[in-house]
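The values are calculated or read from the model by the stated rules, or taken from the named source; none is laboratory data. This one's a predicted model, so the numbers in the text were calculated from it and none came from an experiment. Neighbour counts run over all protein chains shown; Cβ positions are idealised from the backbone, glycine included. When the accessible area is computed, the model is the full protein with side chains, heavy atoms only, and any ligands, DNA or RNA have been set aside. Shrake-Rupley method; radii C 1.70, N 1.55, O 1.52, S 1.80 Å.
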Amino acid sequence: MEISSKYDPLTIEDKWYSYWMENGFFSSDPDEREPYTIVIPPPNVTGVLHMGHMLNNTIQDILVRRARMLGKNALWVPGTDHASIATEARVVAKLASEGIKKTDLAREEFLRHAWEWKEKHGGIILEQLKKLGASCDWRRTKFTMDDAMSESVIRVFVDLYRKGYIYRGVRMVNWDPQAKTAVSDEEVIYRDVKSKLFFVKYKIVGEDGFITVATTRPETILGDTAVCVHPEDERYIHLKGKKVIVPLVNREVPVIFDEYVDREFGTGALKITPAHDLADYGIGLKYHLEVIDIFNDDGTLNEKAGLFVGVDRFKARELSHKMLQEQDLLAKVQDYDNKLGYSERTDAVIEPRLSVQWFVKMKELSGPALENVMNNTINIHPSKFKNTYRHWMENIKDWCISRQLWWGQRIPAFFLPNGEFVVAHTLEEALEMARKEFNMPQLKPEDLRQDEDVLDTWFSSWLWPISVFDGIRNPGNRDMTYYYPTNDLVTAPEILFFWVARMIMAGYEYAGKRPFENVYLTGIVRDKQHRKMSKSLGNSPDPLDLIKKYSADGVRVGMLLCSPAGNDVLFDESLTEQGRNFGNKIWNAFRLVKQWIVDDHIEQPAHSRETIVWFEARMNQVLAEIEDHFSKYRLSDALMAVYKLFWDDFAAWYLEIIKPGYQQPIDKTTFDATLVFFEKLLKVLHPFMPFITEELYHLARERKNSDSIMVAPMPESKPFNASVVADFEIVKELVSGIRTMRKEQNIAFKEELSLYMKEVDARAPESLLEVVKKLGNLSEIKALDNKVPGAASFMIKSSEYYIPHGKKVDHAEEILKLQGELEYACGFLDSVMKKLSNERFVSSAPQKVIEIEQKKKADAESKIRVLEERIAGLKN
């Protein structure tokens, strides 16, 4: 079969992905096999592939492909999230570009536009994942607003409401003025900012004096309803029972005394604005203060402010500053560093605001979710995130789940004309309930008004591992019973609380079981300057461009080479180039093997026979390492192990030893063993590099259409002789020593040499000397008791090797070389001695580690002794 001289990934990738799809290799249905299940963290329907997706989905695909090859019934469920805030913003922007305002449309008309947008743009990211090689069961693709998924969400809302977990109330919420909706505490990102601290004078009623208050937000003065000081602050004791005048609006408000006040901050006096600060709201409730909400939904000031009506809050701050100066009510302004909350969705500055919202009581629901992570029923990798998880769960707050949007699952609360409401699955059910509960049999459907708000997007995605199997509507169905709980969840640390913790809560509440066994937390992808990759910074390459340039396999390898679990990923494009080069190395090694002529009649050389024994042992050793790495979710280490096995052991040593001479045939026994090794290596590599391995698997020998490497058994480690591997390491050192000597002495490889050995502690077994002879181009290898005068020499541990070659050895040069080796050996011994003389190390290290260090010490001392003798001999 003709094999192209160059690997063409683009053609090959399209060919094999189509082949996998056409043959249903990604599909999974319940059967008698052990299931392995991953549900994709559903990307936003607005999204396109970015570097974080590349890393996350590469890891998922590696896990699912490996499970498939281990004989499990592997299922990877794909899907997308409706992303209420982001999608509605996109639709509003699209309509605005067409001259249409959202406020000009009825709800149903707007939703028609939204669904049209979703159908046109919503599948882009999933199609892009196919280019990466994602082996999802695309038949099972879900969308969080599919009818069945939405029905599940509504059922859960109604159930939690009836259990008393969901309630409606006026609370201080995080308001996003850009999206015009409340967001949860977890959706607020706090940043350190440079601000100004304004020292404002409030006139004391009935006196000539003032009390000075420090604030970062002079625009909210318009909503002040009190000034508060500490009851033990002697500076303000005289103000008990007094009132002050709020600047700009001239409103009289009381001076109140409360221990909440920090006497050291500012002037020790606080302005109280109950409608626009969480702490102030609490004080307002305590002292029954008036609540004046001065902001509109979009962050502009309303009529209640009395000034700057319709002006944006930040412009109003400037105007307040100016007016306070003009009225001589500003004592001073100073620079001030503080933290400011930003919306995770829109990056708008969050406005604390009183609002009627829906909440979930979290304390009771969170109990099993905390307990089962802390007792390792659910494992978080890396485990360092367990403490972060525990801290959040132990300090959990009620979850604000209502959003002032139209795109999403509409809250199933139905209001009567008298302001009362019922919560029901449908309008029909609500009507029946309302008639009975409020004794109003005359009610008609049109008398009920459904809540305008929709549910937080996370309220649908927290059900994801259950709802994708229809486990809410049809608990105990075949899919749910077989695939749930899932095995692994791969996601990012920043949504450990948004999503992971809530899925665990929902899992125990609605399935009575954990939703997954393991949570693998990837790092955040950053550039070389440690900045998070983003479009705005222009530091994020287009993943599809990377795939075109370096191949999908190359990009997958590159992403893993820089991604230890849970640590930030410092992306370096050169690593994707390294991944591509590795693909070329595999391709060229295969071409080399397949171009050899096989002769059934020639005998297998001794060097080939021994090398096959060694590589079999070495492969089993590495397979055991890889299995261990996967068990600990060290996927980068697993990749590096197979990378080195192929590049170093197989390509650089094995093939070099067994390859026939120029235009000479190879014996069939060696060739067949080599092909078996190659196929095993392809299988081990397949989860990491699916495309090139499938191509070469089919080029290796004739196969049926159903014989995909995807479903071939994964090679598993077998017992191996560790001494065989150790002996071959001596062979490698010997060959490297011979090659170095040839280079130093300028001796061509074609010139045959003799090798003489003195001492035996690092001597290769007789059976492997044929390998040394071939790689070193040696005519003979002999053991001697004495040194060989005039010969070039080198050492392995304390054994000496001599090569006479007819050239006079420069004693001065040889002494210089040996002194360099002696200096290194002494430095090495010194580092070992420091460890062994460290009482803490000796007392805490395992005995095996101590023995290794003691062996290093003995070897170094022996080598130093031999080197000193050789230098002395050359000087005499």
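What to note about this one:
- Residue-normalised accessible area of the chain, given per residue in Å² at a 1.4 Å probe: 45 Å²
- Of the trypsin sites (Lys or Arg not before Pro) in segment 477-521, the ones in a loop by DSSP (not H, G, I, E or B) with at most 15 other beta carbons within 10 Å are K513.
- For A331, the residues 5 or more places off, or on other chains, whose built amide H falls under 5 Å of its own are F199, V200, K201.
- Packing order of peptides 718-726, 148-156, highest average first: 148-156, 718-726 (average count of other Cβ atoms within 10 Å over each peptide's residues).
- Annotation: the antiparallel percentage among DSSP beta bridges lying fully within the chain is about 70.
- The distance separating the Cα centre of segment 525-602 from that of segment 823-872 comes to 39 Å.
- Note on mean projected area of the Cα convex hull in nm²: of the candidates (1) 64.2; (2) 54.5; (3) 50.9, the value calculated from this structure sits at (3).
- Model label zone, E394; criterion: amide N under 14 Å from point 7 Å along Cα-to-beta-carbon; scope segment 343-375: 370-371, 374-375
- Fraction in percent of alpha-carbon pairs per bin - 10 Å, segment 218-314: 16, 46, 29, 8, 0
- Accessible area of segment 95-250 belonging to carbon and sulfur atoms, whole % at 1.4 Å probe: 49 percent
- Separation of alpha-carbon centers, segment 630-662 and segment 337-352, rounded to whole Å: 50 Å
- Applying a DSSP loop filter and a limit of 11 other Cβ atoms within 10 Å to the GluC sites (Glu not before Pro) in segment 239-295 leaves E259, E264.
- Nearest-20 debye value, the chain charge dipole, Cβ charges on Lys, Arg, Asp, Glu: 800 debye
- Charged-residue dipole, Cβ positions (Lys, Arg, Asp, Glu), segment 262-315 about Cα centre, Debye nearest 20: 180 debye
- For segment 270-348, the carbon plus sulfur part of the accessible surface works out to 49%, probe radius 1.4 Å.
- Residue list for segment 437-452, given a label point 7 angstrom along the Cα-to-Cβ vector of N418 and an amide N cut-off under 12 Å: 437-443
- 5 angstrom amide H check on F143, placed H, neighbours 5+ away: T80
- Fraction of accessible area attributable to carbon and sulfur, segment 740-876 (%, probe 1.4 Å): 52 percent
- Considering segment 623-663, its Cα convex hull presents a mean projected area of 3.1 nm².
- Diagonalising the gyration tensor over the Cα atoms of segment 573-618 and scaling each eigenvalue by 5 before taking the square root yields semi-axes of 31, 16, 5 Å, largest first.
- Shape of segment 193-260, Cα gyration tensor, a/c cut at 1.5: oblate
- Under the Debye formula (equal points on every Cα, no solvent term), log10 I(q)/I(0) of segment 744-858 at q = 0.15, 0.16 Å⁻¹: -0.82, -0.88
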